[in-house]
Amino acid sequence: MTEAAPGARGATSVQVWDLPLRLWHWALAILVLVAWVTPSTYDRVHRLAGYSVIGLLAFRLIWGFAGTRYARFARLGVRLRAAPRYIWNLRRGITGRYIGLNPAGTVMLVALLFLLAISTITGVMEVTVTFFGVWWVEDTHAYASDAVMVLVGLHVLGVVVVGLLQRQNLVRAMFTGRKQLRNR
(Lines give C-alpha, C1' and ligand atoms only; values in the text may rest on other atoms or scores of the structure.)
Protein backbone atom coordinates (compact mmCIF):
# COMPACT_ATOMS: atom_id res chain seq x y z
CA MET A 1 0.00 0.00 0.00
CA THR A 2 1.46 3.35 -1.05
CA GLU A 3 0.55 6.74 0.22
CA ALA A 4 1.98 10.21 -0.12
CA ALA A 5 4.68 10.93 2.40
CA PRO A 6 4.15 14.09 4.43
CA GLY A 7 6.02 17.00 2.85
CA ALA A 8 7.53 14.88 0.09
CA ARG A 9 7.01 16.17 -3.41
CA GLY A 10 7.06 13.59 -6.20
CA ALA A 11 7.62 10.75 -3.74
CA THR A 12 5.51 8.06 -2.21
CA SER A 13 6.10 6.08 0.93
CA VAL A 14 5.64 2.33 1.09
CA GLN A 15 5.64 -0.06 4.05
CA VAL A 16 8.58 -2.38 3.44
CA TRP A 17 9.82 -3.85 6.71
CA ASP A 18 7.24 -5.08 9.20
CA LEU A 19 7.54 -4.55 12.96
CA PRO A 20 8.77 -8.08 13.79
CA LEU A 21 11.56 -7.78 11.21
CA ARG A 22 12.59 -4.33 12.45
CA LEU A 23 12.62 -5.49 16.08
CA TRP A 24 14.65 -8.53 15.04
CA HIS A 25 17.17 -6.35 13.18
CA TRP A 26 17.79 -3.94 16.05
CA ALA A 27 17.77 -6.67 18.74
CA LEU A 28 20.32 -8.61 16.68
CA ALA A 29 22.49 -5.50 16.29
CA ILE A 30 22.44 -4.85 20.04
CA LEU A 31 23.06 -8.48 21.02
CA VAL A 32 25.94 -8.90 18.56
CA LEU A 33 27.55 -5.75 19.95
CA VAL A 34 27.03 -6.99 23.53
CA ALA A 35 28.53 -10.37 22.63
CA TRP A 36 31.46 -8.63 20.93
CA VAL A 37 32.45 -6.56 23.96
CA THR A 38 31.87 -9.13 26.73
CA PRO A 39 33.97 -12.27 26.07
CA SER A 40 36.39 -13.30 28.83
CA THR A 41 35.32 -10.43 31.10
CA TYR A 42 31.58 -10.95 31.41
CA ASP A 43 31.17 -14.57 30.36
CA ARG A 44 27.63 -14.91 31.65
CA VAL A 45 26.46 -11.85 29.67
CA HIS A 46 28.41 -13.09 26.64
CA ARG A 47 26.71 -16.50 26.77
CA LEU A 48 23.27 -14.96 27.30
CA ALA A 49 23.78 -12.69 24.30
CA GLY A 50 24.95 -15.66 22.22
CA TYR A 51 21.97 -17.82 23.18
CA SER A 52 19.67 -14.90 22.42
CA VAL A 53 21.25 -14.56 18.97
CA ILE A 54 20.49 -18.25 18.38
CA GLY A 55 16.84 -17.53 19.20
CA LEU A 56 16.84 -14.57 16.83
CA LEU A 57 18.39 -16.67 14.06
CA ALA A 58 15.67 -19.29 14.54
CA PHE A 59 13.01 -16.57 14.38
CA ARG A 60 14.52 -15.12 11.19
CA LEU A 61 14.58 -18.52 9.54
CA ILE A 62 10.88 -19.00 10.33
CA TRP A 63 10.02 -15.40 9.37
CA GLY A 64 11.87 -15.88 6.09
CA PHE A 65 9.15 -18.33 5.07
CA ALA A 66 6.12 -17.19 7.09
CA GLY A 67 6.64 -13.43 7.29
CA THR A 68 5.35 -10.59 5.19
CA ARG A 69 6.36 -10.03 1.57
CA TYR A 70 9.68 -8.24 2.05
CA ALA A 71 10.70 -10.43 5.00
CA ARG A 72 10.46 -13.64 2.97
CA PHE A 73 13.37 -15.41 1.32
CA ALA A 74 11.36 -15.91 -1.89
CA ARG A 75 13.55 -13.65 -4.09
CA LEU A 76 16.82 -14.60 -2.45
CA GLY A 77 18.21 -16.55 -5.41
CA VAL A 78 17.34 -13.86 -7.95
CA ARG A 79 18.98 -11.14 -5.87
CA LEU A 80 22.07 -13.23 -5.13
CA ARG A 81 22.56 -13.86 -8.87
CA ALA A 82 22.17 -10.12 -9.52
CA ALA A 83 24.70 -9.17 -6.83
CA PRO A 84 27.97 -9.22 -8.84
CA ARG A 85 26.58 -6.87 -11.50
CA TYR A 86 24.95 -4.66 -8.84
CA ILE A 87 28.20 -4.34 -6.89
CA TRP A 88 30.14 -3.70 -10.12
CA ASN A 89 27.70 -0.91 -11.07
CA LEU A 90 28.06 0.73 -7.64
CA ARG A 91 31.52 1.98 -8.67
CA ARG A 92 29.76 4.25 -11.15
CA GLY A 93 27.06 5.25 -8.67
CA ILE A 94 24.37 3.12 -10.32
CA THR A 95 22.14 1.60 -7.66
CA GLY A 96 18.86 0.84 -9.37
CA ARG A 97 15.69 0.88 -7.30
CA TYR A 98 14.73 -1.92 -4.96
CA ILE A 99 11.82 -1.75 -2.57
CA GLY A 100 13.21 -4.42 -0.25
CA LEU A 101 16.84 -5.47 0.01
CA ASN A 102 19.04 -4.68 -2.97
CA PRO A 103 21.33 -7.48 -4.24
CA ALA A 104 24.28 -6.33 -2.11
CA GLY A 105 22.02 -6.25 0.95
CA THR A 106 20.87 -9.77 0.13
CA VAL A 107 24.47 -11.00 -0.01
CA MET A 108 25.09 -9.29 3.32
CA LEU A 109 21.99 -10.92 4.86
CA VAL A 110 23.06 -14.40 3.77
CA ALA A 111 26.70 -13.89 4.81
CA LEU A 112 25.76 -12.50 8.22
CA LEU A 113 23.21 -15.22 8.94
CA PHE A 114 25.73 -17.88 7.91
CA LEU A 115 28.59 -16.45 10.00
CA LEU A 116 26.33 -15.81 12.98
CA ALA A 117 25.19 -19.43 12.83
CA ILE A 118 28.83 -20.60 12.79
CA SER A 119 29.78 -18.21 15.60
CA THR A 120 26.88 -19.20 17.85
CA ILE A 121 27.15 -22.94 17.20
CA THR A 122 30.87 -22.96 17.95
CA GLY A 123 30.24 -20.74 20.96
CA VAL A 124 27.81 -23.32 22.35
CA MET A 125 30.28 -26.09 21.53
CA GLU A 126 33.00 -24.29 23.51
CA VAL A 127 31.09 -24.63 26.78
CA THR A 128 30.44 -28.37 26.42
CA VAL A 129 32.60 -31.03 28.02
CA THR A 130 33.39 -32.60 24.64
CA PHE A 131 34.64 -29.45 22.91
CA PHE A 132 35.91 -27.32 25.79
CA GLY A 133 39.47 -26.20 24.98
CA VAL A 134 39.48 -27.76 21.49
CA TRP A 135 41.62 -25.44 19.39
CA TRP A 136 39.67 -25.60 16.11
CA VAL A 137 36.36 -24.85 17.87
CA GLU A 138 37.87 -21.87 19.67
CA ASP A 139 39.58 -20.60 16.51
CA THR A 140 36.45 -21.05 14.39
CA HIS A 141 34.40 -19.16 16.97
CA ALA A 142 36.94 -16.33 17.13
CA TYR A 143 37.36 -16.04 13.35
CA ALA A 144 33.63 -16.22 12.65
CA SER A 145 32.96 -13.59 15.31
CA ASP A 146 35.64 -11.31 13.88
CA ALA A 147 34.23 -11.82 10.39
CA VAL A 148 30.75 -10.88 11.66
CA MET A 149 32.11 -7.59 12.96
CA VAL A 150 33.88 -6.88 9.65
CA LEU A 151 30.61 -7.54 7.81
CA VAL A 152 28.70 -5.34 10.25
CA GLY A 153 31.09 -2.51 9.42
CA LEU A 154 30.65 -3.13 5.68
CA HIS A 155 26.88 -3.29 6.17
CA VAL A 156 26.81 0.10 7.89
CA LEU A 157 29.11 1.57 5.22
CA GLY A 158 26.91 0.10 2.46
CA VAL A 159 23.75 1.54 4.00
CA VAL A 160 25.38 4.99 4.20
CA VAL A 161 26.77 4.87 0.64
CA VAL A 162 23.58 3.59 -0.99
CA GLY A 163 21.51 6.00 1.09
CA LEU A 164 23.62 8.91 -0.14
CA LEU A 165 23.54 7.72 -3.76
CA GLN A 166 19.76 7.32 -3.64
CA ARG A 167 19.19 10.38 -1.44
CA GLN A 168 17.30 8.30 1.12
CA ASN A 169 17.59 7.85 4.85
CA LEU A 170 17.78 4.07 4.97
CA VAL A 171 18.48 4.02 8.71
CA ARG A 172 15.22 5.85 9.36
CA ALA A 173 13.48 3.38 7.04
CA MET A 174 14.66 0.51 9.24
CA PHE A 175 13.13 2.26 12.26
CA THR A 176 9.84 3.27 10.64
CA GLY A 177 9.51 0.39 8.19
CA ARG A 178 8.67 2.84 5.42
CA LYS A 179 10.80 3.59 2.42
CA GLN A 180 10.54 6.53 0.05
CA LEU A 181 9.92 5.72 -3.60
CA ARG A 182 10.63 8.62 -5.88
CA ASN A 183 8.38 9.12 -8.88
CA ARG A 184 10.32 9.81 -12.04
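The values are calculated or read from the model by the stated rules, or taken from the named source; none is laboratory data. A quick note: this is a predicted structure, and the numbers were derived from the prediction, not measured. A quick note on method: Cβ atoms are made from the backbone with ideal geometry, for glycine too, and the neighbour counts reach across all protein chains shown. When the accessible area is computed, the model is the full protein with side chains, heavy atoms only, and any ligands, DNA or RNA have been set aside. Shrake-Rupley method; radii C 1.70, N 1.55, O 1.52, S 1.80 Å.
Numbers at a glance
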| read-out | value |
| --- | --- |
| Residue-span extension gain [V78 to L33] - 0.36 nm each, minus C-alpha spacing | 13.1 nm |
| Simple spin-label estimate for L23 and S40 in nanometres, 7 Å along Cα-Cβ | 3.6 nm |
| Two-site FRET efficiency, V150 against V124, from Cβ-Cβ distance with R₀ of 22 Å, rounded to 0.05 | 0.50 |
| Amide H contacts of L181 (H built 1.01 Å from N, under 5 Å, at least 5 apart or other chain) | T12, S13, V14 |
| Y42, Y51, reordered so the largest accessible area comes first (probe 1.4 Å) | Y42, Y51 |
| Three-way shape label, the chain, alpha-carbon gyration tensor, a/c 1.5 | prolate |
| Mean-position separation - Cα centroids, segment 12-82 and segment 154-181, in angstrom | 17 Å |
| The chain, relative contact order [Cα under 8 Å, separation at least 6], % | 29 percent |
| Principal axes of segment 82-184: Cα extent on each, largest first, Å | 61, 30, 18 |
| Using distinct alpha-carbon pairs, which all enter the 1/r mean, Kirkwood radius of segment 13-82 in Å | 13.6 Å |
| Helical contribution to [θ] at 222 nm, DSSP H n ≥ 4, -39,500 (n - 2.57), averaged over the chain, rounded to 500 | -22500 deg cm²/dmol |
| Helix axis angle, 19-37 relative to the chain longest principal axis, alpha carbon, degrees | 40 degrees |
| Percent carbon-and-sulfur accessible area, segment 2-101, ignoring ligands, DNA and RNA, probe 1.4 Å | 65 percent |
| Segment 52-137: radius of gyration and largest Cα-Cα distance (Dmax), Å | 16.9, 53 |
| Probe 1.4 Å - accessible area at F65, Å² to nearest ten | 150 Å² |
